[in-house]
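First the structure, in the form of structure tokens, and then the observations on it.
Just so you know, all these numbers are worked out from the coordinates, no wet-lab data involved. Everything numeric here is computed off the predicted structure, so don't read it as measured data. All Cβ positions, glycine included, derive from the backbone under ideal geometry; neighbour counts span all protein chains shown.
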Amino acid sequence: MYYTKDSIIYHNGAYMHPEKASGNLYSQALHYGNGVFEGIRSYKTKFGAKVFKAAEHYERLKYGAQVMGIPCDYTVDELVDITYNLLEKNNLQDAYIRPILVTGANMSLLTAEESFLTIQCWEWGKYMGDKLLKVKTSRFQRPNPKSCFVEAKITGHYTNSILSTNEAKKAGYDEALLLDMNGNVAECSGANVFMEKEGKLYTPKRGHIMAGITRSTIIEICKEEGIPVAETHFTLEELKQADSAFFTGTAAEVVGLASLDDYTFPLSWEASLGYKLMQLYKQEVLCERSQKLSEAI
Ligand code: PMP
């Protein structure tokens, strides 16, 4: 599903078919989750393939590598160049791109001295689909920021996302919402959350969440469009009094929530700010937002 007989990946300095690539069974990433990765999208625009916020994604990859002490010899520019080459070799414009920096063999708990970069890409629709989501509050919390670097995309952190997604799906929901260690709303297992109340948007402030690149894009668009938005802590009870809510993420893009546990968001999705932002986000990634909507009217 992720590759065909014609797919090409970048692996340790060379381009090859995924089945030609080999890894090390003693890798610290495999045993202890000490690897860093990214989730990036490229879009087919009128200017050709455009990797959305490529530099920001690779800066986050390098930040994660730095805090974990994982060697990363590539510059952001080199990583961006490899990504465009890879898209061309795969003849892809609309694609999901998955770089991963895997640590070398080391069974001790001191970061391995070697790392290997792999970049894969494939066609992938909106990760959570287009339908409004039925969301369940998870019994799992997001990790304590004093126990790890929550803003780094470390492979091992994703066991928390897997636990909460498994729990939600098993109970018949589409996705999980996680609180932070203080009981405030944090984020979805793989996306950030926004709520709308009386024409204003609120999203949890940084500290316990992944500082999503889509989240910052949405905040930037709001500022340009004059949509009021606040980054602040809020509780589950406050979220369950919101008019509407939505998730944001590179893979998920912008997707609305139908309900949270037994609470149904009362505002129709089409009348919400989330719906408007879903369209503006699409225009932004497709390089079609040359004119602000407010100016266009
Ligand atoms: N939160 C979590 C836990 C995530 O895994 C992601 C996906 N990287 C996000 C939020 C959204 O981040 P971004 O918008 O940068 O994709």
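Solvent-free Debye calculation, one equal scatterer per alpha-carbon of the chain: log10 I(q)/I(0) at 0.15 Å⁻¹ equals -1.24. Cross-link reach is defined here as a Cα-Cα straight distance under 15 Å, omitting same-chain residues fewer than 8 places apart; for residue 89 the aspartates and glutamates meeting it are 6, 81, 123.
Using a cutoff of 8 angstrom between alpha carbon atoms and counting only pairs six or more residues apart, the relative contact order for the chain works out to 18 percent. Rounded to the nearest 10 degrees, the angle from helix 273-285 to the longest Cα principal axis of the chain is 30 degrees.
A DSSP coil position with no more than 10 other Cβ atoms inside 10 Å describes the following trypsin sites (Lys or Arg not before Pro) in region 85-183: 146. By the equivalent-ellipsoid construction on the alpha carbon gyration tensor, region 1-149 comes out with semi-axes of 26, 22, 16 Å, ordered largest to smallest.
Report, in deg cm²/dmol and to the nearest 500, the calculated mean residue ellipticity at 222 nm for the chain, where each DSSP H run with n ≥ 4 adds -39500 (n - 2.57) and the sum is divided by the residue count.
-8000 deg cm²/dmol
Of the residues 156, 274, 190, the one that moves most in a GNM of the chain with alpha-carbon contacts below 10 Å is 156. Under 5 Å between amide hydrogens, built in the peptide plane, is the criterion, and for residue 179 it picks out 138, 142, 186 among residues at least 5 positions away or on other chains. Placing a label point 7 Å from the Cα of residue 24 along the Cα-to-Cβ line, the residues of region 68-92 whose backbone N sits under 20 Å from it are 68-74.
Taking the chain as a Gaussian network, where each spring joins two C-alpha atoms under 10 Å apart, which residue of 237, 175, 151 fluctuates the most? With Cα springs under 10 Å in the chain, the top fluctuation among 237, 175, 151 is at 237.
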